[in-house]
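Notes for the one structure printed next.
The values are calculated or read from the model by the stated rules, or taken from the named source; none is laboratory data. This one's a predicted model, so the numbers in the text were calculated from it and none came from an experiment. No Cβ is skipped: glycine too gets one built from the backbone with ideal geometry, and neighbour counts run over all protein chains shown. Surface accessibility is based on the protein's heavy atoms, side chains included, excluding ligands, DNA and RNA. Shrake-Rupley method; radii C 1.70, N 1.55, O 1.52, S 1.80 Å.
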Amino acid sequence: MARQMRDGEVADSDTMDIVASPLSQPPGRYWSELPLDPLSKIFMKLGPIEILMGAGLVCHSWVAAAKTPELWRFVDMTSHKVIFTKDIATVCAMAKVAVDRSAGQMESFWAQKFVTTDLLDYIASRGVRVFILPHPAEFFRCIGQVRPELKRLRIYIEEWYDSDQIRREMEEEYRRNCGYEEETEDEESEEDWEARQNEDAFAIAESLHELRVLHIAGNSLTNKGLYAILDSCPHLECLDISECSHVRVNNELQDRCAKLKHFVTSPRQRHDVHCPDLHIIRKEEDEDYLDYISEDLDLRGESEMDDDDGSYGNYWQDYSPPSSPDDAPGPDLSKVTCDDTRFYTDIHEYYSL
Amino acid sequence: MAAPESGDGNNGAARMVTLISSDNTRFEVEAAAASLSQTLQLTILDGGGGGGDGIPLPNVDSATLSKVLEYCIKHAPAAANGGAPNATAVDRAELERFDNEFVNIDQSVLYSLIMAAHNLEIEGLQSLVAKKVADMIKGKSPMEIRRTLGFPDPTPEEQAEMNAHMLEYGWAYE
């Protein structure tokens, strides 16, 4: 309970006037009188979780400041450890408060796998434009159920969620804890391996037949998974499979992808392809990445199409091919392979829709 | 950028301006450093602050102003390079070291800096002090934040309001 400030000085504000130095005010009290602008800047540095759990509840004026819609335009709920320790219902409730406080100004929402279809609907119904999630394959199925008409799916992550791997580790731990002897584990067959690598791809193929744009850079899918997607997403126009180390660019793949307008197999090509959807959202240090998103949103805004059915606002906008004159097709992309290991490292852990 | 040379007696040298704190202390500083303040920049571009005039800053006391200017002088060269795209890693590391050291200060000084950076609109400084406060209160419950920043004990009304919020947002740090 150690109070660092001296309360005795409360009364000796003899020279106080409008422009007096804060030093002449009672210590401690002045933090509650911090103007909205500097307080917002502090809150921005804290992020949504900290505002919701701590700083946004400190005193009357801080509570009011925490409800400023501007604070909730870009909400990143991916990186705070609380996300992993609280139960899903609580985290979703926090996300809803974040959406409510944005008063319709939220532009992007970054989430971990706590997202439920309920929350997804909640956010979608409020017109949030960008929505980012880490991925289990079930999530694609879940999206397919709520939004089978989804046209753009952009995913870019550091480590793909490998449920199988996690299950194995848990089983192993369980065995160790129970004192079982290490069981000889069956060697995984090649088929099983491929099925596991293509779990995400198959889920996409199964659930999202209306896709126009798909970015799955860094995914584990193999050619088989890719063909499944191509077969079941006949409208696909823009595909980014850079850093997908299991994909082999061969003649068959090139033939099958020939009808795509934009086909990217290496990050290098993104610079050459004038497609607004080939911009990657990446999280830079601190707030820099917000600018990046804004840019990205602007680009999306330009390509906004009017034939959107409109029922979900700007959420999941339709993809429209670039129309400005300098949007000439990029160079011949089919000759570039993604086998260059230099490009496997700089991958980020966000999913975007 | 052809600001008129006011007769500040610094021919050939960098243009200087004079700032006057609330307690009437005069600070002479390079215009480039003072211009980190958006508020001052316009005045300086108009040729103000030179000679015997000086720009009065009724909201900033001398102790705070001297601290603010320390920041501005350190950061002015980088800012002049347009955010210093060609700054070396060494330069950046040095600025970072300076910044860390700079905000290692008493809370009341920190508060004064926040207000000064706000009033003078010095973007880099605003961000730096906000980060410092955020680091101080991160991971803390509302009560812990109050203690950390030396808030007075809540009045019964305040306590009731806080309790109500804690109840409404059941996930708050305890």
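Worth pointing out:
- Theoretical FRET efficiency, 1/(1+(r/R0)^6), r = Cβ-Cβ of A:E206 and B:Q41, R0 51 Å, to 0.05: 0.30
- Area hidden from solvent between A and B (accessible, protein heavy atoms only, 1.4 Å, total, Å²): 4000 Å²
- The Cα-based radius of gyration and maximum Cα-Cα distance (Dmax) for the range B:16-138 are 14.4, 46 Å.
- At q = 0.12, 0.20, 0.27 Å⁻¹ the log10 of I(q)/I(0) for the range B:93-154 amounts to -0.33, -0.83, -1.17, computed by Debye summation with a single uniform scatterer per C-alpha, solvent ignored.
- Per residue of peptide A:37-44, the mean number of Cβ atoms on other chains within 10 Å of the residue Cβ is 6.
- A compact globular protein would have a Cα radius of gyration near 2.2 N^0.38 Å; the ratio found for the range A:28-128 is 1.07.
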